[in-house]
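I have placed the structure first, in the form of structure tokens, so that the comments after it can refer back to it.
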Amino acid sequence: METVNKGYSEKKLSPSAREIKNAIAGKTYRHFAREVENATKEQIFKACALVVRDLITARAAGNGAARDADRQVHYLSLEFLLGRSIAKNMFNLGIYEDMRAALADLGIDIDDVLETEPDAALGNGGLGRLAACYLDSLTSLGITATGYSICYHLGMFKQKIFEGQQIELPDPWLELGDVWLMPAMDEIEEIRFGGRVEEYWENNCMYKRLADYTTVQAVPMDMRVAGYGTNHTNTLRLWDAKSPKVLEMSLFSRGEYMRAVEQNAMAEVISQILYPEDNHYEGKLLRLRQQYFFVSATLQCIVRKHRARHGTLNNFHIKHVIHINDTHPTLVIPELMRILLDEERMDWDQAWTIVSHTVAYTNHTVLAEALECWPQSTFEMLLPRIWQIVCECNDRYLDMIRSRYPDDYNRQAVMAIVWDGQVRMANLCVYACYAVNGVSQLHSKILQENIFAPEYEMWPRKFYNVTNGVDHRRWLSQINPRLHGLICELAGDDGYLKHPNELQKLAQFSRRRDAQSRWEEIKRANKADFSNWLRREQGVMIDPDTIFDVQVKRLHEYKRQLLNVLHIISLYQRLTENPDMDFEPRTFLIGAKAASGYYAAKRIIQLINSLAREIDNDERVKGKLKLVFLENYRVSMAEKLIPASEISEQISLAGKEASGTGNMKFMLNGALTIGTMDGANIEMAEVLGLDNIFIFGLTAVMADQMRREGYNPLQYYDRDETLKAAVDLLSFGFGDGRSYADIANSLILGNPSDSYMLLADFESYRMRHADVANAYRDRERWNRMSMMNTAQAGVFAADRAVSQYARHIWNV
Ligand code: 26W
């Protein structure tokens, strides 16, 4: 068809750009009956996305052989925090420049198209984003893998700040985000809930089946994933819950109109919303329904395809590895047992051999309040057959423990799967899975020595460490094109894209003044870009000639945003007492969402906003100190912020942050870390050397010891004037009339107080910040440190992590 041409010469376009241009115009016309110049920006976005999607589909069509691989990975995660896809896909397809030129030729700025895409926020934080990074690496490394999750209609809530407080708004991302999804109506699965277990005889054997159950349909919504530098593609399958049509019709015909609609809604709520709790579980029935829905649909799908190809499930564990991302998909274990026992009619031992050779588990947190335990009554009512199987697992497990440790009742109590009216998902995982891993060296050690110590004693060879990694192509090359350009120029090529360790080539330039000054200019330009963006987005002005000190992550007490606040208060107080002091001007940027029911976290958000306002209204610190609460922190904001960041705050109490992955993204972009010896910070310090990172505070061992000996925060409060003044300001309150005595009291009064030992670490944190400011003044030193951070960040690439999973755990 004829395309629009606003008088630009088509001759300037390369043939491939011209094809893309025609394709966009074609999509706009066919899907929306509009010429490009009359289309809305949403329609243009969708048209571009469809063009991109077609290219991925064409790649997929070409790699049918690869999908018949010998052994496949199935990555099950209740969260995939994808963010935006269009730029990522264009990058991986290598069509970004053509697309930009094509759009320019249509009179459209590519950035406007990219900005129109909503984030697919199907996750809370680290665990969900990790799944998204790994899916990219799996694909780029040519590994045959499928990701599975739920097609939440509402993703992570949008955060608004109103009068300093967090308000949660719904996130109906599918209105535009559905453009990436292709329903596979021929692969719908039926999921059964409730009912009762019925025993029946056949050929002199007794079998079990569910009766009087209700069903929900699981509709696959597939997102095709393109890799970088390969034609290989993979699929992310998101399950959408639908009411079964037949049942609904029968109710209608019986005149039960209201009940039919009710049942419809009951079924469809399953995929309605992502639970916004991070690192905190609640034994909610709907959440358990989500988990079983997801797991059962996924397994039925894998099993059906396997049967069609092999005619038997005897070799299931040879052909598949099912990876469970934290305990959320644990029900795959009893669900696969159910299929093998009840449908395939295997005996228990045979079924167990298959299951226990198929499943691998990654733990992502040691916080007790995050370990999932379901109340037995809920579990039994919702999943009666699964409950029987879990009980059988528990009985056999306890028999085994008793035979190994006959008189050790305590060991049974700790290791049991069902205990005290609770079903403990982590214990079932460790029992059933052939591999269990943590996500950083320290975290894996804590799992082995603490959380799963008796299990480790029983099966030491089950336990692994795979330190997390991030998609370095997204988190460096794509989001920081200036730095990418300089790295390629210095390194001589873009080889680091496929071989992240080649970033080390930068090290030899870290002392070169010319390279340093270009490095610095790029950071300055990124800071200016971010400042402009923030002014447009949030109406806040920040000065790109101040240090950008950033803490962005979920709001949680263990992550200690409050420690950051106490330090900012201390700087503020010092400045107001001494306005003419020599002071390196700083902008503190804090972004965080609090789980909707997490009161203490919401209070901290309010506090940050009160303090930000107080500082803004104080003429004495103008131009020197600024604090901004970044509203609605999300993947697409991180992509703009991280390239502009200079200091990365990674200040969790040692022993609490399993790994952290934001820390790695900052490091890749040349920000320097101020952090504790926690999670992957330790490994960052190891590759950087202590000269290139600002480490402070208690180690995990010291913190444990201090807790055992009786930690007393008052002792620090009484002794440290600066600390005392900062804590007292919380109680005293701010110009907006708000006092935070409750927070101050949680630190120094009460039992327990200061659970995350902020006061113990405050002084060392403050001293380290003084070192940061000094280092910043020495531009030569700072730039060298910054370059060394990027140079050493290659080990934190997801490609490395996924290769380790492939070799040591998945055997693919
Ligand atoms: C059931 C409630 C719930 C929800 C989410 C419990 C636990 C979670 C996640 C496991 C929390 C999470 O995202 N953990 C983070 O995982 C990252 C990836 O491994 C790590 O880098 C972070 O340190 C860890 O907090």
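The values are calculated or read from the model by the stated rules, or taken from the named source; none is laboratory data. These figures come from a predicted structure and were not determined experimentally. Neighbour counts are summed over all protein chains in view; Cβ atoms, including those assigned to glycine, are modelled from backbone coordinates with ideal geometry. These area figures cover heavy atoms from the full protein model, side chains too; ligands, DNA and RNA do not enter into them. Shrake-Rupley method; radii C 1.70, N 1.55, O 1.52, S 1.80 Å.
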Checklist entry - What does the charge dipole of the range 247-347 about its Cα centre add up to, to the nearest 20 debye, if the Cβ of each Lys and Arg holds +1 and the Cβ of each Asp and Glu holds -1? => result 440
Checklist entry - Which length gain, in nm to one decimal place, applies between Glu392 and Asp111 when the Cα-Cα distance is subtracted from 0.36 nm times their residue separation? => result 95.5 nm
Checklist entry - Considering only DSSP beta bridges whose two residues both sit in the chain, what percent are antiparallel, to the nearest 5? => result 45
Item to check | Residue-normalised accessible area of the chain, given per residue in Å² at a 1.4 Å probe | outcome: 39
Next on the checklist: Averaging over every viewing direction, what projected area does the convex hull of the Cα atoms of the range 212-301 cover, in nm²?
Outcome noted: 8.6
Next on the checklist: How charged is the neighbourhood of Val414? Take every other residue with its Cβ under 15 Å from the Cβ of Val414, and add Lys/Arg as +1 and Asp/Glu as -1.
Outcome noted: -2
Item to check | Of Lys41/Lys305; Lys21/Lys319; Lys27/Lys553; Lys46/Lys593; Lys21/Lys245; Lys41/Lys626, pairs whose Cα-Cα distance is over 31 Å | outcome: Lys41/Lys305; Lys21/Lys319; Lys27/Lys553; Lys21/Lys245; Lys41/Lys626
Checklist entry - What full-extension length gain, to one decimal in nm, is calculated for Arg719 and Tyr200 as 0.36 nm per residue of separation minus the Cα-Cα distance? => result 179.4 nm
Next on the checklist: Just to confirm a number: summing +1 for Lys and Arg and -1 for Asp and Glu over residues other than Asn124 whose beta-carbon lies under 12 angstrom from that of Asn124, what do you get?
Outcome noted: +1
Next on the checklist: Can you compute log10 of I(q)/I(0) for the chain with the Debye formula, treating each Cα as one identical point scatterer, at q = 0.09 Å⁻¹?
Outcome noted: -0.92
Checklist entry - Between the range 510-553 and the range 729-792, what is the C-alpha centre distance in whole Å? => result 21
Next on the checklist: What would the Debye equation give as log₁₀ I(q)/I(0) for the range 671-779 at q = 0.17 Å⁻¹, counting only Cα atoms as equal point scatterers?
Outcome noted: -0.93
Checklist outcome for this item: Residues whose modelled amide H sits under 5 Å from the amide H of Trp239, counting only those 5 or more places away in sequence or on another chain, are Ser149, Ile150, Cys151, Met221
Checklist entry - What is the Cα convex hull volume of the range 367-512 when expressed per residue in Å³? => result 176
Item to check | Theoretical ellipticity at 222 nm over the chain - DSSP helices of four or more residues, -39500 (n - 2.57) apiece, nearest 500 | outcome: -14000 deg cm²/dmol
Next on the checklist: Based only on Cα atoms, what mean projected area does the convex hull of the range 126-210 have, in nm²?
Outcome noted: 11.7
Checklist entry - If R0 is 22 Å, what FRET efficiency do you get for Arg781 and Met581 from their C-beta distance, rounded to 0.05? => result 0.50
Item to check | Mean projected area (nm²) of the alpha-carbon convex hull when the range 591-711 is viewed from all directions | outcome: 9.8
Next on the checklist: Within 14 Å, Cβ to Cβ, of Glu455, how many net charges do the neighbouring residues add up to if Lys/Arg are +1 and Asp/Glu are -1?
Outcome noted: +2
Item to check | Between the range 561-609 and the range 76-135, the alpha-carbon center distance in angstrom | outcome: 32
Checklist entry - Kirkwood Rh, the range 561-606, all Cα pairs: how many Å? => result 12.5
Item to check | the range 37-124, Cα convex hull volume normalised per residue, Å³ | outcome: 110
Item to check | Using distinct alpha-carbon pairs, which all enter the 1/r mean, Kirkwood radius of the range 111-162 in Å | outcome: 13.3
Next on the checklist: For the range 301-425, take N as its residue count and report Rg(C-alpha) divided by 2.2 N^0.38 Å.
Outcome noted: 1.14
Checklist entry - Per-residue HN-Hα couplings for the range 559-573, Karplus 6.51 cos²θ - 1.76 cosθ + 1.60 at θ = phi - 60°, whole Hz, x for Gly and Pro? => result 7, 6, 3, 5, 5, 4, 4, 4, 5, 4, 4, 5, 5, 4, 5
Next on the checklist: Over 5 Å intervals from 0, what percent of Cα-Cα pairs in the range 533-658 sits in each interval?
Outcome noted: 2, 10, 21, 24, 21, 13, 7, 2, 0
Item to check | Sulfur and carbon atoms: percent of accessible area, the chain [1.4 Å] | outcome: 49
Checklist outcome for this item: Applied in sequence order to the range 666-680, the curve 6.51 cos²θ - 1.76 cosθ + 1.60 (Karplus, θ = phi - 60°) yields integer Hz couplings, x standing for Gly and Pro, of 5, 4, 4, 9, x, 7, 9, 9, 9, x, 8, 7, 9, x, 6
Item to check | Part-to-part distance (alpha-carbon centres) for the range 26-45 and the range 421-454, which is given in Å | outcome: 52
Item to check | Over the chain, relative contact order from alpha-carbon pairs under 8 Å, at least 6 apart, % | outcome: 12
Checklist entry - Relative to the Cα centre, what is the charge dipole magnitude of the chain, using +1 at the beta carbon of each Lys and Arg, -1 at the beta carbon of each Asp and Glu, and rounding to the nearest 20 debye? => result 1400
Checklist entry - Rank Lys724, Lys602 by accessible area, highest first, at a 1.4 Å probe radius? => result Lys724, Lys602
